[in-house]
Amino acid sequence: MRQAVLNLEESRIREVANAGIGRDDVLAFWFGESDEVTPDFIRQAAVESLQRGETFYSHNLGLPELRQAVSRYMTALHSPVEAARIAITSGGVNALMVAVQALVDAGDEVVAVTPVWPNLTAQPAIMGARVRTVPLETAGGKWSLNLPELLGAITPATRVLIVNAPNNPTGWTLTRAEQLALLEHCRQTGTWILADEVYERLYYADDTINGCAPSFLDIANADDRLVVVHSFSKSFLMTGWRLGWLVVPPDMTHHVGKLIEFNTSCASVFIQRAGLVALERTAEVTPRVVAHLKACRDTLIPLLAGVPGVQVEVPRGGMYAFFRLQGFDDSLATAKRLVIEAGLGLAPGAAFAPEARGWLRWCFASHDPKRLVGGVERLQSWLAGTASAAAKNGV
Ligand SMILES: Cc1ncc(COP(=O)(O)O)c(C=O)c1O
């Protein structure tokens with residue numbers, strides 16, 4: 001087997017979840033998905049498609065009407081994005097993999113901003129790339145970009161810059177000024193920007209543009225070396241459906257179609273039909289999802305911030321609280337203990353970058369915000385228990 005594959009690390013989030021196997025009372029906030037089911041009218045569209053007998057392959061790039069709908073949707077949110085630049089994929093993660101297959105050769109240098117969802121650094125590593133990371137800086141509970149450091153790391157030898165904003169897990173988001181500087185710099189060095197913008201609509205700060213976080217699509221030209229990754233998972237509550245898309249320069253689309261042929265051939269047609277309805281009726285889903293997530297965030301963060309020893313900032317985007325627990329620097333061990341001893345399921349920061357080793361990620365996408373309150377109560381009583389055990393043992 002290839003060394004690059006042997007070297008892949010297993011998901012540390014799964015490792016924590018496995019520690020909870022056999023316990024059915026765990027309040028789980030470890031995975032990045034809402035516990036709310038996909039809206040009925042979206043599910044209905046898939047059922048009707050199947051009943052019509054749509055059980056065949058589609059074009060590699062997706063149904064023409066879905067590509068048109070994505071084009072209208074992206075154009076309404078950003079600048080004009082023609083359907084000829086859209087490729088429908090089997091989820092955001094497949095979109096990312098196809099993009100990396102298209103851009104990265106073995107031995108290429110890739111620069112990634114971290115902490116980040118581990119797939120973004122694992123995928124170029126699978127292709128044999130050398131992944132250099134540029135960590136965000138942290139002060140208090142807040143993460144921010146050292147722009148000069150990132151610009152300095154991107155040289156003509158850098159094939160691709162990978163950046164995810166709004167960011168999973170930190171909630172950090174690129175500003176427009178940072179995007180402009182990065183785009184200009186990457187034009188000079190000939191570096192591709194692979195922008196993971198799957199959380200663009202889950203953005204709660206004041207500088208939204210059409211309800212979105214700042215996007216590279218607002219400022220780039222169609223033929224810039226820019227690939228943007230999107231997903232139906234987060235804004236439409238469709239994680240299990242595996243549907244996403246890529247926005248690429250026009251002369252790249254055909255080649256992406258070839259790669260889709262060799263990966264999945266196409267996204268399932270009945271799933272694409274559901275995606276089409278989701279886009280057409282986005283006004284009935286996404287604003288409600290975003291308002292609910294904001295309410296979840298505003299329930300969880302003040303409660304967490306009130307727990308002694310917790311350091312946390314209000315995230316601008318995404319669906320995660322990323323926090324530090326004073327005195328607990330090994331997040332993998334802490335997350336396992338929390339599952340076993342407190343029935344609380346969180347993701348360890350170590351899953352996202354070594355520099356996030358002392359942090360924990362809590363997905364606040366909870367249909368019933370009372371679950372969040374219950375989770376904080378469990379954390380609090382666990383901390384009180386460990387403190388009194390330590391006092392008893394004279395630690
Ligand atoms: C940053 C980021 N990108 C992409 C994805 C992929 O989403 P999906 O494959 O469900 O479309 C996720 C999922 O958690 C994510 O957090």
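Some observations on this one:
- Per-residue packing, averaged as other Cβ atoms within 10 Å, sorts the ranges 372-380, 73-81 into the order 372-380, 73-81, beginning with the highest.
- Along segment 55-62 the Karplus relation, 6.51 cos²θ - 1.76 cosθ + 1.60 evaluated at θ = phi - 60°, assigns HN-Hα couplings of 10, 10, 5, 10, 4, 3, 7, x Hz to successive residues, with x for each Gly and Pro.
- Net charge in the neighbourhood of V314 (other residues with Cβ under 12 Å of its Cβ; Lys, Arg +1, Asp, Glu -1) is +2.
- Relative packing of 18-29, 84-95, which averages over residues the other C-beta atoms within 10 Å, highest first: 84-95, 18-29
- Structure remark: mean-square fluctuation, Gaussian network model of the chain, C-alpha springs under 10 Å; the largest value among P135, P354, P315 belongs to P354.
- For segment 218-283, the Cα gyration tensor yields ellipsoid semi-axes of 23, 17, 9 Å (square root of five times each eigenvalue, largest first, whole Å).
- Rg and Dmax of segment 273-395, Cα atoms only, in Å: 17.0, 63
- Ignoring lysines fewer than eight residues from K294 along the same chain, the ones with Cα atoms less than 24 angstrom from its Cα are K142, K234, K370.
- Sorting 60-71, 206-217 by their mean Cβ neighbour count within 10 Å, with the most densely packed peptide first, gives 60-71, 206-217.
- Once Rg and the Kirkwood radius are both taken over the C-alpha atoms of segment 124-166, their ratio Rg/Rh works out to 1.02.
- Measuring nothing but how far apart in sequence close Cα pairs (under 8 Å, 6+ apart) lie, relative to its length, the chain scores a relative contact order of 25 percent.
- Using the Cβ-Cβ distance between Q44 and A389 with R0 = 56 Å, the FRET efficiency computed as 1/(1 + (r/R0)^6) comes to roughly 0.60.
- Whole-number percent relative contact order across segment 173-252, with pairs defined as alpha carbons under 8 Å at least 6 apart: 28
- Over the residues of the chain, the helix contribution to mean residue ellipticity at 222 nm works out to -12000 deg cm²/dmol, using -39500 (n - 2.57) for each DSSP H run of at least 4.
- Restricting attention to the chain, close to 50% of DSSP beta bridges with both partner residues there are antiparallel.
- Solvent-accessible surface of the chain, taken per residue with a 1.4 Å probe and all protein chains present: 41 Å².
- The Cα center of segment 1-59 and the Cα center of segment 252-319 differ in position by 13 Å.
- In the frame of its principal axes, the chain has Cα extents of 68, 52, 48 Å, reported largest first.
- Accessible-area composition of the chain, carbon plus sulfur, in percent [1.4 Å probe]: 53
- Of the whole protein surface, V312 contributes about 30 Å² of accessible area at a 1.4 Å probe radius.
The values are calculated or read from the model by the stated rules, or taken from the named source; none is laboratory data. The shown structure was predicted, so the numbers you read here are calculated from the model rather than taken from an experiment. For neighbour counting, all protein chains shown are included, and Cβ atoms are generated from backbone atoms with ideal geometry for every residue, glycine included. For the accessible areas, the whole protein counts, side chains as well, though only heavy atoms, and no ligand, DNA or RNA atoms are used. Shrake-Rupley method; radii C 1.70, N 1.55, O 1.52, S 1.80 Å.
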